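Data block below; observations after.
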Amino acid sequence: MKKTIILSLLAVVLYACGNKENTQSLDKMIEKKDVAGLQAKKTALQAEIAKIEEALATLDVKKEEALVSVLTVKDTVFNHYIDIQGSVDTKENILVQPEFSGTLTSLTVKAGQKVSKGQILGRVDDAGMSQQLASAENQYNLAKTTYDRQKNLWDKKIGSEIQYLQAQTQMVSAQKAVAQIKAQLAKTIIRAPFTGTIDEVFVEKGEVVAPSPQGLMRIVNLSNMYVSTTIPETYIGKLKIGTEVDVFLTSLGKTYKGKVRQIGNFINPSNRSFGIEVSVPNPENLLRPNQVAKLKITDYVNKNAIVVPTNVVQEDGTGDKFIYIVEGSNGKTGKAKKVIVTVGKSSNNVTEILSGLSANDIIVTEGVNNISEGMKLNF
């Protein structure tokens, strides 16, 4: 600001305080519309101002003192994170469908009830298959008895081989018929596909049921939760199975420690990303499918890094990054020194310094915009 005011005053002086001859000459050039003469006058004045600026740059050294805050940098562990949003989900969240159409003759569970894998949830009318099974079993028993007797005769070389083989074939056919009916009859029994909790029941006993988009009931298991999201393809190779992830649930205000359990092998051509799954513990059963989660995935670690607050890194007119450090410190005062640094990654409001700083250097953290090279610092 001081330099700008001086330049402005000098320009005024050069224009307004010149000798009378120069003023008259300038007036005449304007009056005569002497463009070439005015351009020459302007060039001469610009050369004068450039000399003044050069002199001020050498002579106008700030001698003020500044009160600042400082920090001694140390080697530390630096972690860089990918911040991305995902959705909580579980593989064990399904709508239970009947495998057999008919009247729901039994419904043994209600919403909120915990069930075990294989537990009977209800039954559908078997449309007379129980009687068919009884008849088929009787036929099988008869065929087996006939076969056993025919086999005894054949073992004693009595009867013909064809009689023995016919009895065996009839017995096997009857056995398969029984197994087939039993398999069909088993479909009338609705069982829990896994251990979990009945979240909703959509039907009542006595209704006619069939496979439908709504299903009979929803069963959920909250012990195997994960977060699914997509990652830009630029991070391929930076993520591994087992990478630790901080999972923040916005609705709960809680952070869980998860791990990458699956990395997709397909790049979505529409958004150039691939999917990942992060397993999340759920000891308090607070996680629910479709909750919004914010993930912090570690993709870079430097165990011996020099880091500084991001706001202390400045950039000069040539594009170089620099930081002010304290030189000649006695614990209370020192001088400001500008050091050019090479920066790495930034995360959590701190920036990794790759070169230019060493452990135990004292950096200026507050007041950096009010100081210059060589200024006395108080802290």
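On the basis of being among the acidic types (Asp, Glu), surrounded by 14 or more Cβ atoms within 10 Å (Cβ to Cβ) and modelled with pLDDT under 90, does Asp246 make the cut? Break it down stepwise before answering.
On the way: among the acidic types (Asp, Glu): yes; surrounded by 14 or more Cβ atoms within 10 Å (Cβ to Cβ): yes; modelled with pLDDT under 90: no.
It is false that Asp246 is among the acidic types (Asp, Glu), surrounded by 14 or more Cβ atoms within 10 Å (Cβ to Cβ) and modelled with pLDDT under 90.
Give segment 321-351 a look and list any residue that's touching a Gly at 6+ places or on another chain (Cβ under 6 Å) and surrounded by 19 or more Cβ atoms within 10 Å (Cβ to Cβ), or say none. Residues satisfying the conditions are Val326, Gly334, Val341.
Only residues that are farther than 29 Å from Leu252 by Cβ, surrounded by 14 or more Cβ atoms within 10 Å (Cβ to Cβ) and touching a Gly at 6+ places or on another chain (Cβ under 7 Å) were counted across segment 64-102, and they come to 3. Evaluating Asn221 against the criteria (1) within 42 Å of the chain's Cα centre (by Cα); (2) under 30 Å from Asp148 (Cα atoms) leaves one unmet condition, (2).
Comparison of Val201, Val227, Val178 shows that the only residue that is modelled with pLDDT of 95 or more and either in contact with a Cys (Cβ under 8 Å, 6 or more places away or on another chain) or under 30 Å from Asn268 (Cα atoms) (or both) is Val227. Considering each residue of segment 276-286 in turn, none proves to be in contact (Cβ under 8 Å) with a residue 60 or more places away in the chain, touching a strand residue (DSSP E or B) at 6+ places or on another chain (Cβ under 6 Å) and closer than 30 Å to Asp361 by Cα.
Results for (1) within 25 Å of Leu104 (Cβ to Cβ); (2) more than 60 Å from the chain's Cα centre (by Cα); (3) not aliphatic (A, V, I, L, M), shown as yes or no for each residue.
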| site | (1), (2), (3) |
| --- | --- |
| Ile120 | yes, no, no |
| Val124 | yes, no, no |
| Gly128 | yes, no, yes |
| Gln132 | yes, no, yes |
| Lys156 | no, yes, yes |
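The values are calculated or read from the model by the stated rules, or taken from the named source; none is laboratory data. All figures in this text were calculated on a predicted structure; none of them were measured in a lab. Heads up, the Cβs are rebuilt from the backbone with ideal geometry, glycines too, and the neighbour counts pull from every protein chain shown.
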